[in-house]
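Scroll down for the structure; my scribbles are underneath it.
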Amino acid sequence: MKAIIYIEGGASGPHSKNLNIRCQKAFHALLDRMGLQRKPRLKACGGRNAVYDDFCTAHAAKREDFVSMWIDSEEPMKDIEAAWKHLAEVTTVAAWKKPEDVEDEQVLFMTTCMETWIVADRKALKRHFGHKLHENALPPPNDLESRDRHDVQERLERATKDCQNAYAKGKRSFEALEEVSPDALQELPSFCRVQRILKKRL
């Protein structure tokens, strides 16, 4: 079984290598904690369009048994199983076309963004950011996937603003993700979907 997942995260350009390694390391840590029988190859692509382009190229080449992309949903999802229908409805990716023979299970979502998964694990947050974390500034833990991504991101930044390692996109975001436990994400439907698909496909 050969599998590759293209990830929204990291960066592109001449200075992207270290950040991409950090991104891949964080997602590998999460996959390790899922207890998967086999591990896919991960590639951090930077922005969404780069993820889509790499995914389409790899799917057409058919060198792997399973090709997937792991991206933010950007908006709450009406039906977490209808991946391509959701992508068609999200304006920022309206130009994306569903490649021939691609399945919904080849799109893995962080709903609505990676920060949703980070704020869902309160134990990891406290451990990572320490006693200066303002937990009351975080979004309530119920119905996290229904929250606007900007609200989740801003609340996380506000909650950690006095911490020495205050949250920010880039290296610090992946350091925080690296500590997240799958057990803490079981109330998130999109995470449960990712876990189910990978255990079936790998």
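The values are calculated or read from the model by the stated rules, or taken from the named source; none is laboratory data. These numbers were taken from a predicted model, which means no experiment stands behind them. We place every Cβ from the backbone using ideal geometry, glycine too, and count neighbours over all the protein chains shown.
Tabulated data
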read-out	value
Residue pairs meeting the criteria (Cβ under 6 Å; at least 6 apart or on separate chains; first closer than 11 Å to Ser190 by Cα, in segment 61-82; second of a type in the set (Phe, Trp, Tyr) and surrounded by fewer than 19 Cβ atoms within 10 Å (Cβ to Cβ))	none
Filter result (in a loop (DSSP other than H, G, I, E, B) and either within 11 Å of Glu178 (Cβ to Cβ) or modelled with pLDDT of 95 or more (or both)) within segment 29-45	Pro40
Test: residue in segment 17-28 that is modelled with pLDDT of 90 or more and charged (D, E, K, R)	yes
Residues being part of a helix (DSSP H, G or I) and surrounded by 13 or more Cβ atoms within 10 Å (Cβ to Cβ) - total across segment 116-145	13
Residue check, Val152 crowded, with 17+ Cβ neighbours inside 10 Å and part of a loop (DSSP other than H, G, I, E, B)	no
Test: residue in segment 64-86 that is assigned to a helix (DSSP H, G or I) and of a type in the set (Asp, Glu)	no
